[in-house]
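**Q** Sharing a structure with you now.
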Amino acid sequence: MGGEKMPQPKVKLVVTGDDFGYCERRNQGIVDCFKAGGISNVSLLVNAVSAEHAADLAKRNHIPIGLHANLSEGLPVSQDLRGSTLLNKEGFFHGKMGFREVLQCGQLKMSEVEAELRAQVNRFCELVGQVPYHMDGHQHVHVLPEVREVFAQVLSDFGITYTRVPIEPGLKFGTFLPSHLRVFNAQVEKDALESIEVFHRYGIRWPDIYLGLSTMGKNMSVPNLKCALGFTLEASLEDAVNSPLIQCNDAATDSYRPVTAELMVHPGYPSQPHQGGCGEGPDDFSQSADRLHELNTLRDPFVLNYYRQRGIHLCAFKDF
């Protein structure tokens, strides 16, 4: 950059590519997006079929990497879970909604949740050679009742500082989302709000603002991204005093600190049928053109310019 001094950023934004490891085409798309400046961080699924390929790519390209803890899709990492409450008759996790149903019926053993989370962190360390910088949950399982307590304990034990609290400021304006997604997102937000006290108690941190539920797949567009990012630009310290999120991170005391934010994204090239996934093959979202649409939007020069013009500095959790 030469010797000129960079202006103080208004926003430190982590753009996280989720589901790294899902398949080689996803991995390549995420790396291409990182090289183009469209993402700044990745979240690795260690039980996915191309996790090793992903970890090698992250090392080669110096991509900041965290763990996308998975309790809902595919096969477990832990070898000690035969007949576990986490698994269906075929030996796979129960699925995005299935996991929630089993949990709600009080049929999930938290000791098994803990064993699997620990196994996934250990697998991450084997693949990457270090403890993850951050750890979040695939399909937001980490903020669910009971699970969040175990999740926080595991993070605390491994010294993982950062997680994701999926409460999106503009979500109530996302009236373009189909009703089933609106219902799911509202529930995620409720669970996330109830997780704040738990994560805070364990000394875990998270960015001031979370974005990404309203900009997934075909809903990602330059106007929608600008609208979502607008909330981070408007987040002033007057708001911070009233924000449960920012208050918990003790940020309101530092009037010169830029707002921190995370944008969750899912770029990639569409998976081929039968190639990828976490043991059961790739899902529909992964095989759809939505992944490529996200990739192209994120690396659009208009978006990258917008970051520069508005003082939005892309970084990783380790830069906070």
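The values are calculated or read from the model by the stated rules, or taken from the named source; none is laboratory data. Please read these numbers as outputs of a predicted model, since none were measured by experiment. Cβ placement follows ideal geometry from the backbone for every residue including glycine, while neighbour counts extend to all protein chains displayed. Ligands, DNA and RNA are excluded from the accessible area calculation, which covers all protein heavy atoms including side chains. Shrake-Rupley method; radii C 1.70, N 1.55, O 1.52, S 1.80 Å.
**Q** Looking for something in a loop (DSSP other than H, G, I, E, B), within 29 Å of Ser72 (Cβ to Cβ) and either more than 21 Å from the chain's Cα centre (by Cα) or without any contact (Cβ under 8 Å) to a residue 12 or more places away in the chain (or both) - is there at least one such residue anywhere in segment 283-299?
**A** No - not one qualifying residue is present in segment 283-299.
**Q** Listed residues Val141, Val165; which is in a helix (DSSP H, G or I) and open to solvent by less than 20 Å² (accessible area, probe 1.4 Å)? Step through it out loud before you land on a result.
**A** Numbers: Val165 fails: in a helix (DSSP H, G or I).
Answer to the selection: Val141.
**Q** For Glu149, state whether it is open to solvent by 10 Å² or more (accessible area, probe 1.4 Å), without any contact (Cβ under 8 Å) to a residue 24 or more places away in the chain and charged (D, E, K, R). Walk me through it before giving the result.
**A** Details: open to solvent by 10 Å² or more (accessible area, probe 1.4 Å): yes; without any contact (Cβ under 8 Å) to a residue 24 or more places away in the chain: no; charged (D, E, K, R): yes.
Against the criterion (open to solvent by 10 Å² or more (accessible area, probe 1.4 Å), without any contact (Cβ under 8 Å) to a residue 24 or more places away in the chain and charged (D, E, K, R)), Glu149 does not qualify.
**Q** Condition test on Glu90, is it open to solvent by 10 Å² or more (accessible area, probe 1.4 Å) and either in contact with a strand residue (DSSP E or B) (Cβ under 9 Å, 6 or more places away or on another chain) or assigned to a helix (DSSP H, G or I) (or both)? Lay out the reasoning, then the answer.
**A** Numbers: open to solvent by 10 Å² or more (accessible area, probe 1.4 Å): yes; either in contact with a strand residue (DSSP E or B) (Cβ under 9 Å, 6 or more places away or on another chain) or assigned to a helix (DSSP H, G or I) (or both): no.
No, not satisfied.
**Q** If Pro76 satisfies all but one of (1) in contact with a His (Cβ under 9 Å, 6 or more places away or on another chain); (2) crowded, with 22+ Cβ neighbours inside 10 Å; (3) outside any strand (DSSP E or B), what's the number of the condition it fails?
**A** Unmet condition: (1).
**Q** Looking only at residues in segment 255-295 that are in contact with a Gly (Cβ under 8 Å, 6 or more places away or on another chain) and hydroxyl-bearing (Ser, Thr, Tyr), which one is surrounded by the fewest Cβ atoms within 10 Å (Cβ to Cβ)?
**A** Only one residue fits best here, namely Ser288.
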